[in-house]
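Below is one structure; the comments refer to it alone.
Read-outs: derived from the displayed coordinates by stated rules, not from any lab. Since the structure is predicted, the reported quantities are computational estimates derived from the model, not experimental observations. Counting neighbours? That spans all protein chains shown, and the Cβs are built from the backbone with ideal geometry, glycine included.
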Amino acid sequence: MYTIGQVAKFLGVSRDTLKFYEEKKLVKPKQNMENGYRKYNHFDIYDITTVNFYREVDIEIKKIQELRKSKSIEGIKSLLEEKEQEVLEEIQYKKLLLKKLQTVKEDCEKVKQFLGEYIVKEMKPLEIKGEIEHFTAFDEYETLKKNAENLKKAVTLTSLRRVISFNEEGIIDDKFFVVRKVEDVDKEIEGEIRSHPKCIYTVIEDGRWSTGGKSIDHNVEASLRKVAKDKGYELLGLVYINQLLTTYEDGLERVFLEIYAPIK
């Protein structure tokens, strides 16, 4: 017979873990009624190593409790197949999460490199998945939840593109589209595709910390017109605006926006 301390040392598990197994009736050591000390025999130790075996492949305690009552080889195989499917789904999720993290890191670099700078850059294809009236049209966010490729299925604004149409007199249309970046050419595409081989590209800062909550549309329009004139570009009357990143300063948001203005 062995004490809980000896068994913990033998098997490399904590006393708390052994007590937890006992609480869940996965092991039933004899207990001295006078001093309350537990005594484990070799059958108890074997039970613990069996529980450890199934925990090693991440089988839940509840499933192990069911297994302790009765489980055929086919039942065990089915249990493992169920866990295998969970792991495959988790791997897929982790791959998507890794890609998302890398994209956000790239967006941080864009802010550092292009904030206030103007270059000519291609706007890669976007598929239009839906449209809402404005980013403050909260009652229309169901469209965002349904069409945006968000890992947690919660609403974010990174799948929105604000598309402004303008002429020499100013803004003539202002829309908010839910979009998907077209990366897999073989994937079935249902919506309209927008792409432009040449755009004036820049990153600007918006948000209450830098603007006091005032609109910067006029300043952005004036800057784009000036750059186009100075460089000899002809604007096509469109501006695509994408939210790259948000951070905070003194409790006020700093919003960094990516700007594509198609040119001839």
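Numerical summary
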item: Whole-Å distance, taken between Cα centres, linking the stretch 106-136 and the stretch 169-211; result: 6
item: GNM result for the chain, Cα springs below 10 Å: residue of Leu79, Leu115, Leu11 fluctuating most strongly; result: Leu11
item: Neighbour-count ranking [beta-carbon atoms within 10 angstrom, fewest first] of Val27, Val179; result: Val27, Val179
item: Kirkwood Rh in Å, taken over all unlike Cα pairs in the chain; result: 23.7
item: Length added when fully stretched, Lys28-Lys181, from 0.36 nm per residue minus Cα-Cα; result: 49.4 nm
item: FRET E, pair Ser78, Tyr46, Förster distance 25 Å, beta-carbon r, rounded to 0.05; result: 0.55
item: Within the stretch 1-42, GluC sites (Glu not before Pro) in DSSP loop having at most 14 other beta-carbon neighbours inside 10 Å; result: Glu34
item: Amide H contacts under 5 Å for Met123, placed H, 5+ residues apart; result: His196, Lys198, Cys199
item: Range in the chain, longest, excluding exposed chymotrypsin sites (Phe, Trp or Tyr not before Pro) [loop by DSSP; at most 14 other beta-carbon atoms within 10 Å]; result: 136-264
item: Computed [θ] at 222 nm, helices only, for the chain once each DSSP H run of length n ≥ 4 contributes -39500 (n - 2.57); result: -13000 deg cm²/dmol
item: Exposure proxy order (Cβ contacts within 10 Å, fewest to most) of Cys108, Cys199; result: Cys108, Cys199
item: Three semi-axes of the equivalent ellipsoid, the stretch 1-100, Cα gyration tensor, whole Å, largest first; result: 33, 17, 10
item: Highest-fluctuation residue, Asp230, Asp217, Asp206 considered, GNM on the chain with Cα pairs under 10 Å; result: Asp230
item: Net length gained if the chain between Thr3 and Glu142 were fully extended (0.36 nm per residue, minus Cα distance); result: 44.2 nm
item: For the stretch 115-262, the Rg and Dmax computed from alpha carbons only, in angstrom; result: 15.8, 46
item: Cleavage-rule hits, GluC sites (Glu not before Pro), the stretch 170-220, DSSP coil, Cβ neighbours within 10 Å at most 14; result: Glu183, Glu188, Glu190, Glu192
